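Heads up: the structure comes next, in structure tokens.
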Amino acid sequence: MTIQDHITQWLKELTADIIALRIVGPAYLFALSQAALCQLSMHQIAGRYPPPIQRLTKVFDECKSGKPNHYEFLKPTGNDDKEIRKIKDVIIAYFQGIEDIEKKDFYKEKNEVSQDLSKQRERLLENLIAAAIKDSVQVIKKLIYERIPDNKAYRLEESMFDQIASLRDQITPNQKILLQGNKVGFEPFSMESILNAGWIFWLTHKREYKPKEGVEEESKEEKRINDAKERYYNPLKEVSSLVLRAIELSNFHERFIAEKEIAAP
């Protein structure tokens, strides 16, 4: 690929990243960072894709200083209860961890030879393209803001903590409860809200999240099988199942409301 090809492809990918963050919110940053941290090198240029560090930096900066500012929303306040404060502290620490990654020079690690010519060429190419697209990225962001203004971009809401509480109790976080006098109503959460609650729940509760224990007495053979399953148990799978189910129920709820409004005289 030529330098021009790299510039074109990088701009496409970074544009898609910023759009995804505007639509989905921090959930996209969490997913991108998890994928980036699985790479052998944060500076590796893989075909048409920019190095993970370039994508992560742009998305994180947008999440932290863009509009709406998700970083500010998560900062603890004096009114937070113990559980909410814990959640905010963990996510802020996660953001700060990404900041540390940004500052780290991955070419000076003990396991790498700083004089390796291929590494030097790769880093030179990365810096060259990053400098070339810097102004273009700002123009693209301005265009994205015009197409997805702040009132249409996803922003974290206080109700997210209720969704996290539902996941903790292994309940699908698909709808919010509305209290109007003596009446109780329900309103579906958006897919974006459910995704953010799912990611934040996983990041803040994964160490303590365990499957429900069976109430029936097990035979020796059943116990042996269940013990084997537990060794390979992946709690993320169950959280994902709850999140996917919540999205499905939320979508059904929205369609039901729309059909009801159409049928109303």
Residues ARG207, ARG121 in order from fewest to most other beta-carbon atoms within 10 Å are ARG207, ARG121
Net charge (Lys, Arg +1; Asp, Glu -1) of residues whose beta-carbon lies under 13 Å from that of ASP162, ASP162 excluded, is -4
Fewest-first ordering of SER65, SER240, SER33 by Cβ atoms within 10 Å yields SER65, SER240, SER33
Most exposed to least, judged by fewest other Cβ atoms within 10 Å, TYR145, TYR71, TYR154 sort to TYR145, TYR71, TYR154
Net charge near ASP80 (other residues with Cβ under 12 Å of its Cβ; Lys, Arg +1; Asp, Glu -1) is +1
Segment 119-190 and segment 25-96 have their Cα centres apart by a whole-number Å value of 11
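Any read-out appearing in this document is the output of simple, stated calculations on the displayed coordinates, not a laboratory observation. Because the structure is a prediction, the values reported are computed rather than measured. FYI the Cβ positions are ideal-geometry reconstructions off the backbone, even for glycines, and counts take in every protein chain you see.
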